Amino acid sequence: LKEDVKVLKEDVSVLKEGVKVLEEDVNTLKDDVKGLKDEMAELKGDVLELKIEKRAPAYLGRFMRKVKVFDHHKLNDQLIKALDEGLITDEEHQEALRIDLVVGGKLIKKPAEDVLIGLEISYRADRRDVERAFERAQILKKALKKNILPVVYGKKFTRGAKELAEKLGVLLLD
């Protein structure tokens, strides 16, 4: 009996070590899966951004006509001009260039009025996407001397994104 207990204690000790290794492996797998989920979310957002840029009228045609995506190089030229004129700072220039898309067109509800939208695109949009859209639209408004409608396009929106968008007047599109 003493020999059996000794063997059982050794077996339990081995099992404890095995469980410890498994716990470490599971934690490593959790970290890896989280990293993969984050990378996949970023990829989904990048693909969505490319799709919208390529087919802007299809995505924005529900509320705009004569949709035209602004070239980032031309936008940069206009921002540099605003920078040189002292309308924006260098930091604002850099921040404005990070906007996903600037799109021009005519609102369906106001066809006589040209409109520019500053578009942030995210597969799962959160408060930060709304903040970026708002902040970057404000910079573009100063630099281009035109009204810029801040818009976030996403497939999913967090509650925080919806609440902040309502507060800041940022349009959410899906």
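Here are a few things to note about the model shown:
- Of the residues I148, I108, V130, the one whose Cα sits farthest towards the positive end of the charge dipole of segment 68-156 is I108 (charges of +1 on Lys and Arg Cβ, -1 on Asp and Glu Cβ, taken about the Cα centre).
- The label-point distance for K2 and K44, in a model that sets each label 7 Å from Cα toward Cβ, rounds to 6.3 nm.
- Rounded FRET efficiency, nearest 0.05, which uses the C-beta distance separating L168 from D114 and R0 of 25 Å: 0.65
- Whole-number percent relative contact order across segment 1-103, with pairs defined as alpha carbons under 8 Å at least 6 apart: 19
- Between R62 and L97, the FRET efficiency from the beta-carbon distance, with R0 = 22 Å, is close to 0.20.
- Evaluated with a Cβ-only charge set (Lys, Arg +1; Asp, Glu -1), segment 96-164 carries a dipole of roughly 60 debye about its Cα centre, given to the nearest 20.
- Working note: 222 nm ellipticity from helices only, DSSP H runs with n ≥ 4, each -39,500 (n - 2.57), summed and divided by the residues of the chain, gives -21000 deg cm²/dmol to the nearest 500.
- With contacts taken as Cα pairs under 8 Å at a separation of at least 6 residues, the chain carries a relative contact order of 17 percent.
- When the Cα convex hull of the chain is projected onto planes of every orientation, the mean area is 15.0 nm².
- Charges were assigned to the Cβ only: +1 to each Lys and Arg, -1 to each Asp and Glu. The resulting dipole of segment 1-142 about its Cα centre is roughly 1180 debye.
- Of all DSSP beta bridges confined to the chain, the antiparallel ones make up roughly 45%.
- In a DSSP loop and with at most 12 other Cβ atoms within 10 Å, the trypsin sites (Lys or Arg not before Pro) in segment 65-133 are R98, K109.
- At R0 = 25 Å, FRET efficiency that the Cβ-Cβ distance of K74 and K51 yields, to 0.05: 0.70
- Packing here is the average count of other Cβ atoms within 10 Å per residue, and on that basis the peptides 138-148, 87-97, highest first, run 138-148, 87-97.
- With all protein chains in place and ligands, DNA and RNA left out, the 1.4 Å accessible area ranks R159, R62 as R159, R62, largest first.
The values are calculated or read from the model by the stated rules, or taken from the named source; none is laboratory data. Predicted model only: the values in this text are computed from it and were never measured. Note that we place each Cβ from the backbone using ideal geometry, even for glycine, and neighbour counts take in every protein chain shown. Protein only, heavy atoms only, side chains kept; ligands, DNA and RNA dropped before computing areas. Shrake-Rupley method; radii C 1.70, N 1.55, O 1.52, S 1.80 Å.
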